[in-house]
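The values are calculated or read from the model by the stated rules, or taken from the named source; none is laboratory data. Just so it is clear, the structure is predicted and the values come from calculations on it, not from any experiment. For neighbour counting, all protein chains shown are included, and Cβ atoms are generated from backbone atoms with ideal geometry for every residue, glycine included. Quick note on the areas: whole protein, heavy atoms, side chains included, nothing else; ligands and nucleic acids left out. Shrake-Rupley method; radii C 1.70, N 1.55, O 1.52, S 1.80 Å.
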Amino acid sequence: HWLKEEKIKLSTLCSEPFERIPSKRGRRFPIAGGIERNINQKDDFYEVIHVDGMEECIELLENLSDGDLHHLFIEMNICKGGCLNGPVMPKNGESLHLRQHRVKEYVKKSDSLPCKQIFKNIEYIDVRKRFFDRTFPKKEASEEEIKKILKTMGKREKQDELNCGACGYNTCREKAQAVFEGMSQMSMCMPYMRSKAESLTNIIFGTSPNIIFILDEEMNVKEFNPSAEKVFQIKAQEIKEKPITLLMDDDYFQQVKKTKQNLYNQKVVYNHYGIVVILNVLYLEKENIMLVIMNNITVQEKNKEELARVKEKTLNAAQDVIDKQMRVAQEIASLLGETTAETKVTLTKLKNIVMGEVGEDE
Ligand code: SF4
């Protein structure tokens, strides 16, 4: 924060030697055992040891509190490998061994002032240090509460407690205690979350009305859900690890494998099974598998066909009616035509007769 305020960018600065020449011995301190190595022990009154790593430190402290160990000078590093493997070391991929090597080289090459000069006036240095009790009051969970939390994390039996340490706690019970204290969350248990996700996936896979199966790169069936079993009339264990070509043509799957492009909404008719499906094939590159999802639309397709048939029938019936009507109309028209012609002939004859009679009278 201060560096930001002062607008100092570490990456733009050049390296400089230390202002004071430190003790040559002290330069090894970042390496685990660096202090132990530089203790100038004049008598055997106490033993100098070093310990590094969380587990090792805990073990040693337990031994001390049990009163099993005495007369020790202990160099203790929680970080395995010492400060050089601490949490704020640059994450540039350099190994601990490389860092250790560099520090050792630096110690070898660097100048050193005689101890006398470094520690002059040493008697005036106040080396006292006051420590305050900063213990965080911890509420211990009861056995019942621990069991309840463990159960919620899917650890019903002793064998469910994997104690894998993936959550940062050494045991599942420690983790449960941390959850109780509000310092951790249940979701931070990898095996629990994984099994939860898997069981959810299994529920979806097992209950989906869609046909779902998974193919490997050799087109062998890896998974086959109950809907697929029902439609293709084969049990999952009978088709697993066998080629999909035993059930259907694999052209679409080969195409997806070759192009690595997902296939969506392809209508496919499987006459052999009497089904019509909408096919989706997803290529999962990381796993090198294909997820096949088929939406069975056979019923909808049959309904569509039925509707088309009804429409056709209705149209035909309507056409029949029209044709009949036309025929009747034509017949009426022709009858009317004949009558009109006859009437015309008769009236003309009558007119001629009448006109003839009038002429004779005149
Ligand atoms: S990650 Fe889960 S299983 Fe592993 S120790 Fe922690 S609580 Fe136990």
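Restricting the search to segment 177-194, which residues are within 10 Å of the ligand (Cβ to nearest atom) and polar (S, T, N, Q)?
184
Of these, 129, 80, which one is in contact with a Leu (Cβ under 9 Å, 6 or more places away or on another chain) and open to solvent by 60 Å² or more (accessible area, probe 1.4 Å)?
80
When residues of segment 152-203 are filtered for being small (Gly, Ala, Ser) and either assigned to a helix (DSSP H, G or I) or closer than 30 Å to residue 224 by Cα (or both), how many remain?
So the count comes out to 7.
Looking at segment 155-176, is at least one residue within 9 Å of the ligand (Cβ to nearest atom), open to solvent by 90 Å² or more (accessible area, probe 1.4 Å) and either without any contact (Cβ under 8 Å) to a residue 40 or more places away in the chain or small (Gly, Ala, Ser) (or both)?
Yes: one or more hits.
Considering (1) at pLDDT 85 or above; (2) of a type outside the set (Gly, Ala, Ser); (3) surrounded by 12 or more Cβ atoms within 10 Å (Cβ to Cβ), say which one residue 140 fails and leave the rest.
Residue 140 satisfies all of (1) at pLDDT 85 or above; (2) of a type outside the set (Gly, Ala, Ser); (3) surrounded by 12 or more Cβ atoms within 10 Å (Cβ to Cβ) except (3).
From the list 233, 254, pick out the single residue that is of a type in the set (S, T, N, Q), away from the ligand (no atom under 16 Å from the Cβ) and open to solvent by 90 Å² or more (accessible area, probe 1.4 Å).
233
Considering only helices (runs of 4 or more DSSP H) fully contained in segment 1-109, which possess at least 2 residues that are out of contact with any helix residue (DSSP H, G or I) (no Cβ under 9 Å at 6 or more places or on another chain) and within 24 Å of residue 170 (Cβ to Cβ)?
54-65
All but one of (1) of a type in the set (Gly, Ala, Ser); (2) within 22 Å of residue 203 (Cβ to Cβ); (3) over 32 Å from the mean Cα position of the chain (by Cα) hold for residue 236; state the number of the condition that does not hold.
(3)
Evaluate the following for residue 277: is it more than 26 Å from the chain's Cα centre (by Cα) and open to solvent by 50 Å² or more (accessible area, probe 1.4 Å)?
It is false that residue 277 is more than 26 Å from the chain's Cα centre (by Cα) and open to solvent by 50 Å² or more (accessible area, probe 1.4 Å).
Tally up the residues in segment 29-55 that are over 26 Å from residue 101 (Cβ atoms) and either surrounded by 12 or more Cβ atoms within 10 Å (Cβ to Cβ) or not hydrophobic (A, V, I, L, M, F, W, C) (or both), please.
So the count comes out to 6.
Whether any residue in segment 138-153 is near the ligand (Cβ under 9 Å from one of its atoms) and without any contact (Cβ under 8 Å) to a residue 60 or more places away in the chain is what I want to check.
yes
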